[in-house]
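Structure first, then comments.
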Amino acid sequence: MPDPGKHLASYSAVVVTGGSSGIGKSFIELGAKLNPELVFCNLSRRSPGEKIASLLGKRLNHFGCDLSRAGEVRRAAEAVQSWLEKAVPEGRILLINNSGIGAFGEFPQPNLERQLEIVDLNVRAVVEMTGCFLPLLRRRGGGIINVASTLGFFPAAFSATYSASKAFVLHWSLALREDLRGSGIRVLALCPGTTSTEFFAAAGQGQGAVVGVLTHQPDEVARKALSALAANRALVVPGGVNGLYTTLGARLPKRWVAGLAGDLMRRLRRTPNHE
Ligand SMILES: NC(=O)c1ccc[n+]([C@@H]2O[C@H](COP(=O)([O-])OP(=O)(O)OC[C@H]3O[C@@H](n4cnc5c(N)ncnc54)[C@H](OP(=O)(O)O)[C@@H]3O)[C@@H](O)[C@H]2O)c1
């Protein structure tokens, strides 16, 4: 496996969405360790926090924004790019589309607004952010990591909108990679399984969802992704068991998979916070 540190040395800046917690924050922490010269731009509502800010100093720049809102993605992308052109005018750029939210329950629980917010943040913002950054990436060279999910392989009941949003990210990333073949821009779809972050609490699923042998840590997920980017892979599913069931799920007829996933989700169902 190629060394992710060596590969990251070829970038001058990382633009990450959702670096205020979980996997996004781990990308910043790990990236900063692997390449002490890298500059980070984070886009999310909250900042990544005092600890990481004092550690990275001027290398970490937070652009506060709500990427689920119409107009905010373009505004934030323009602000980051004009800052980069002045502060880091040369070198490759790694864009990590990581911000994402879910909801657990029968559609449209907890409400239709949340379902639409999932589409706006997990789908629309990823397409718009990538579109806004593409001319800069083409000019300076770079890479794109889109954070999908193992659920992107399954039509999953109780997470219908979320799993479909991640299926979009997965398929879109793989096709985008082909569109950009020969451009020098790498595109990777990252499909984590259950990872111990704030995600489940935010999705109304309760902390119980993140306890188990299949649960991964966010720094482990970020490391696997950076190694896969270094190897110029199209897709990475961190964790052997996750790799096995997604490979199997991708080969079965969708109708069967939806039924199996529905049964499983019903059995695993925990009381959502909103009930
Ligand atoms: N945890 C898992 O088991 C798991 C599994 C598969 C895939 N994923 C995916 O991994 C990615 C990261 O999630 P995580 O697990 O690290 O969860 P997390 O700890 O809840 O982090 C989610 C990040 O998304 C940002 N975000 C949420 N709403 C936003 C908005 N409106 N505008 C801008 N940023 C927003 C949050 O920042 P602010 O709140 O500060 O805005 C936060 O930094 C997501 O795309 C998720 O779907 C997670």
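Please treat every number below as a calculation from the coordinates, not as lab data. In this text the structure is predicted, and so the values were computed from the model without any measurement. We place every Cβ from the backbone using ideal geometry, glycine too, and count neighbours over all the protein chains shown.
The stretch between Glu113 and His171, if pulled fully straight at 0.36 nm per residue, gains 18.4 nm over its current Cα-Cα span. Taking amide H as placed 1.01 Å from N in the peptide plane, the amide H of Leu235 sits under 5 Å from that of Ala189, each at least 5 places away or on another chain. Counted by Cβ distance under 13 Å from Cys41, the other residues give a net charge of +1, where Lys and Arg count +1 and Asp and Glu count -1. With an 8 Å Cα cut-off and a minimum separation of 6 or more residues, compute the relative contact order for the chain in percent. This gives 20 percent for the chain.
Residues of the stretch 228-251 with an amide N closer than 20 Å to a point placed 7 Å from the Cα of Ser10 along the Cα-to-Cβ direction: 228-236. Partner aspartates and glutamates whose Cα lies under 16 Å from the Cα of Lys224, excluding those fewer than 8 positions away in the same chain, are identified as Asp3, Glu29.
Converting phi to 3J(HN,Hα) with the Karplus coefficients 6.51, -1.76 and 1.60 and the offset θ = phi - 60°, the stretch 90-96 yields 9, x, 6, 10, 9, 9, 10 Hz in sequence order, with x at every glycine or proline. Working from label points 7 Å from Cα in the Cα-to-Cβ sense, the Arg75 to Asp219 distance is 3.6 nm. For the stretch 188-204, putting each phi into the Karplus relation 6.51 cos²θ - 1.76 cosθ + 1.60 with θ = phi - 60° gives couplings of 10, 9, 9, 10, x, x, 4, 10, 6, 9, 7, 3, 5, 5, 5, 8, x Hz, in residue order, rounded to whole numbers and with x for Gly and Pro.
If you model the chain as an ellipsoid using its alpha carbon gyration tensor, with each semi-axis the square root of five times an eigenvalue, the axes come out at 30, 20, 18 Å, biggest first. For the chain, the longest principal axis of the Cα atoms and the long axis of helix 22-34 meet at an angle of about 30 degrees. Between the C-alpha center of the stretch 145-199 and that of the stretch 1-75 there is a gap of 19 Å. How much FRET efficiency would the formula 1/(1 + (r/R0)^6) give for Lys51 and Arg251, where r is the Cβ-Cβ distance and R0 is 35 Å, rounded to 0.05? It comes to 0.20.
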